[in-house]
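The values are calculated or read from the model by the stated rules, or taken from the named source; none is laboratory data. What you see is a predicted model, and the numbers here were worked out from it, not measured in a lab. Glycine gets a Cβ as well: all are built from the backbone with ideal geometry, and neighbour counts include every protein chain shown.
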Amino acid sequence: MKGIAYGVGVGPGDPELMTLKAVRLIKENGVIAVPGKIATESVAYKIAVRAVPELADKELVPVDMPMVKDRKRIDEEHRKGAEKLKTYLDQGKNVVFLTLGDPTIYCTFSYLQHYLEADGYRVELVSGITSFCAAAARLGLPLAEWDEPLHVVPAVHKTGDQLTQDGNYVLMKSASHMKEIKALLKASGRKVSAVVNCGMENEALYHSADEIPDDAGYFSLIIAKE
């Protein structure tokens with residue numbers, strides 16, 4: 001029998017937001033995979049080990065997921081990552097892959113999942129709290145009420161979206177173009193809030209576009225409401 005590959009969301013940063021199921025799977029399984037070259041430096045690992053200290057004694061498998069634009073290289077790295085997991089699955093061992101947030105939202109594990117499933121391996125996803133839900137909670141904001149649409153947009157600077165659709169927006173993966181995004185937000189006339197490093201020790205909350213630093217870090221999430 002081959003093992004099962006679990007894609008397990010650990011939430012955005014606060015270990016208390018991890019689910020009971022995520023904690024149980026980490027405790028019950030001996031092989032834990034994490035994104036990155038060095039397992040113990042992975043953000044997902046640092047979150048999970050605070051909730052499950054025995055994680056430090058597990059067999060940790062780092063899976064390099066480089067953030068590059070070369071599609072061919074990305075595909076090669078994802079295939080290599082899937083092959084690394086298969087060496088454990090073929091021994092009948094389950095592999096728990098830890099990922100930030102939820103494994104169904106812009107998750108690097110999705111790429112490994114496609115390769116594994118195509119090769120006949122069983123994959124199960126364990127939901128975690130998404131960054132934008134956690135950020136909205138930290139800000140005390142409902143993301144959507146009554147019949148309001150909610151638009152979740154990654155890298156809005158690439159889409160040409162002027163934030164003109166009805167409803168509220170969540171903007172992700174735009175930190176490297178923050179100055180440009182802030183100008184877009186101001187032009188939209190929407191009420192802007194943001195959280196950087198949600199749930200982490202260096203978390204910061206902002207309540208207008210002007211407050212958001214131009215050099216805000218990678219884990220920056222913006223909520224723009226009508």
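Of all residues in the stretch 125-144, at least one satisfies being surrounded by 13 or more Cβ atoms within 10 Å (Cβ to Cβ) and basic (Lys, Arg). Within the stretch 77-108, track down each residue that is among the basic types (Lys, Arg) and within 20 Å of residue 55 (Cβ to Cβ). Of everything in the stretch 77-108, those that are among the basic types (Lys, Arg) and within 20 Å of residue 55 (Cβ to Cβ) turn out to be 84, 93.
Quick check on my filter: what residues within the stretch 140-156 are at positive phi and not hydrophobic (A, V, I, L, M, F, W, C)?
Start the filter on the stretch 140-156 by keeping residues that are at positive phi, which leaves 140, 146, 155.
Of everything in the stretch 140-156, just one residue is at positive phi and not hydrophobic (A, V, I, L, M, F, W, C), namely 140.
Exactly one residue out of 111, 115, 106 is in a loop (DSSP other than H, G, I, E, B) and either buried (at least 22 other Cβ atoms within 10 Å of the Cβ) or in the same structural domain as residue 32 (by TED's automatic domain parsing) (or both): that is 106.
Select from the stretch 1-41 the residues that are small (Gly, Ala, Ser) and part of a loop (DSSP other than H, G, I, E, B) and write down the one among them that is surrounded by the fewest Cβ atoms within 10 Å (Cβ to Cβ). Explain how you work it out, then say what you get.
At the first step, the residues of the stretch 1-41 found to be small (Gly, Ala, Ser) are 3, 5, 7, 9, 11, 13, 22, 30, 33, 36, 39.
Filter once more, keeping what is part of a loop (DSSP other than H, G, I, E, B): 3, 13, 30, 36.
Numbers: 3: 19, 13: 24, 30: 12, 36: 17.
Restricting to residues being small (Gly, Ala, Ser) and part of a loop (DSSP other than H, G, I, E, B), the top hit is 30.
Here residue 46 fulfils each of the conditions (1) touching a helix residue (DSSP H, G or I) at 6+ places or on another chain (Cβ under 7 Å); (2) within 26 Å of residue 217 (Cα to Cα); (3) without any contact (Cβ under 8 Å) to a residue 40 or more places away in the chain apart from (1). A count restricted to the stretch 167-202 and to residues that are over 11 Å from residue 156 (Cβ atoms), of a type in the set (Gly, Ala, Ser) and touching a Leu at 6+ places or on another chain (Cβ under 7 Å) stands at 4.
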